[in-house]
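Written out below as structure tokens is the structure these notes cover.
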């Protein structure tokens with residue numbers, strides 16, 4: 001139960017509640033603006049995003065394989081070479097073709113959900129996104145359709161959770177807690193407003209022109225990755 005507040009404290013209590021509500025509304029508004037704009041960018045760059053993720057994982061795997069090969073050669077001698085193997089191509093049925101088509105659709109959708117946020121130059125989640133991307137590629141190439149469906153569901157539902165409206169907070173019992181809540185929301189809003197895509201939205205005369213900058217980034221990034229991974233394709 002909340003302690004009895006003085007008239008002045010009671011006024012402050014309700015004022016803080018109003019400020020918290022206003023901040024929460026503002027945060028949701030900014031989040032919606034950012035999500036809509038970043039979703040536009042993702043839709044326009046779908047193929048580039050997916051290829052960049054695939055090549056990034058391939059490049060990391062090639063680097064890891066090179067390191068392992070060098071270690072193996074040191075053990076076996078400098079003249080050791082890996083034996084060449086010829087891949088076996090098997091025919092697939094119409095049913096398998098349909099399943100492959102469905103798998104590709106799920107794969108591409110999931111890829112866009114786990115894409116690390118390169119639009120905001122935030123690298124904090126890149127390692128986690130790379131780990132999930134690697135698992136997604138593995139399931140797509142080696143797993144069953146059911147496994148891919150399950151992973152797709154897990155990935156997309158997690159993404160949607162971030163967009164669910166937060167339920168109204170229960171009334172806090174002290175002015176100190178209300179003040180802390182207000183400060184936390186102010187920090188969250190400030191972080192959102194520093195996000196690069198939000199800066200673009202609020203400073204560019206036509207924010208959609210930013211798409212050309214991102215396209216240029218991907219063209220350069222993909223050119224370099226294709227060059228680095230040619231032998232692994």
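What follows draws every value from the coordinates through simple rules; no lab data is involved. These numbers were taken from a predicted model, which means no experiment stands behind them. Cβ coordinates were reconstructed from backbone atoms using ideal geometry, including for glycine residues, and neighbour counts include every protein chain displayed.
Modelled this way, with points 7 Å down the Cα-to-C-beta line, the labels at residue 138 and residue 150 are 1.4 nm from one another. Cβ-Cβ distance of residue 63 and residue 98, R₀ of 35 Å, FRET efficiency by 1/(1 + (r/R0)^6): the value works out to about 0.45. When each of the peptides 220-226, 196-202 is scored by how many other beta carbons lie within 10 Å of its residues on average, the order from highest to lowest is 196-202, 220-226. Separation of the range 201-233 from the range 27-78 is 13 Å, based on Cα centroids. Using the alpha-carbon positions of the range 176-229, Rg (one decimal) and Dmax (whole number) come out as 18.3, 57 Å.
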